[in-house]
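Any read-out appearing in this document is the output of simple, stated calculations on the displayed coordinates, not a laboratory observation. None of these values were measured; they are calculated from a predicted model. When we count neighbours, we look across all protein chains shown, and the Cβ atoms used for this are built from the backbone with ideal geometry, even at glycine.
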């Protein structure tokens, strides 16, 4: 998150499985930098990255899902919420769902992604020097021959994005990556 908004923190916290550790990072430096800081703070064996502009819809079945053979995973579907359900968001969500469902391209997409810690550490975490860090980490997972999967999690998008543009205002590339100041990393239990 760019800033810790209590309503957003409560909303995200309420959609996570009970007993999980929820880490909010507000350190400047872009999404990849924040995700790497969160991963370094986390104590668990499975890291789940959730963006602040989504609503997850799922019945968490971690015990079952962890028995599946995967090292990284994405949500099964992405779809815009009613306030942003416009033609371009439907087109982009449909294209994303088609890539992942029909063609089996397991993109490590923002919104929701899960990864087992050994795989995350093997690729060195998110690359903070690229424009689209989700695609870059996915290519690294495949280069290391890690297996991807789609988990039965539906992502409802709450904010418009432009996936086909060459601009990315959340990127870490070209930004300073400062160490966190007190209060810029918060840890909650669900």
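From least to most packed, judged by other beta carbons within 10 angstrom and beginning with the fewest, 18, 106, 181, 175 follow the order 18, 181, 175, 106. Counting every other Cβ atom within 10 Å of each residue's Cβ, 185, 23, 74 order from fewest to most as 185, 23, 74.
Let me make sure I get this right: for segment 6-161, a, b and c are the square roots of the gyration tensor eigenvalues over alpha carbons, sorted descending. Under 1.5 in a/c it's rounded, otherwise prolate if a/b > b/c, else oblate. Which is it? Rounded, since a/c falls under 1.5. Counting only DSSP beta bridges whose two residues both lie in segment 6-161, roughly 60 percent are antiparallel. Between residue 189 and residue 11, the contour length at 0.36 nm per residue exceeds the alpha carbon distance by 62.7 nm. When 133, 121, 128 are sorted by how many other C-beta atoms sit within 10 angstrom of their C-beta, beginning with the fewest, the order is 121, 128, 133.
Picking from 143, 159, 173, which is most flexible by a Gaussian network model of the chain using Cα springs under 10 Å? Between 143, 159, 173, it is 143 that shows the largest mean-square fluctuation. Here the relative contact order of segment 6-161, from alpha carbon pairs under 8 Å that lie six or more residues apart, stands at 35 percent.
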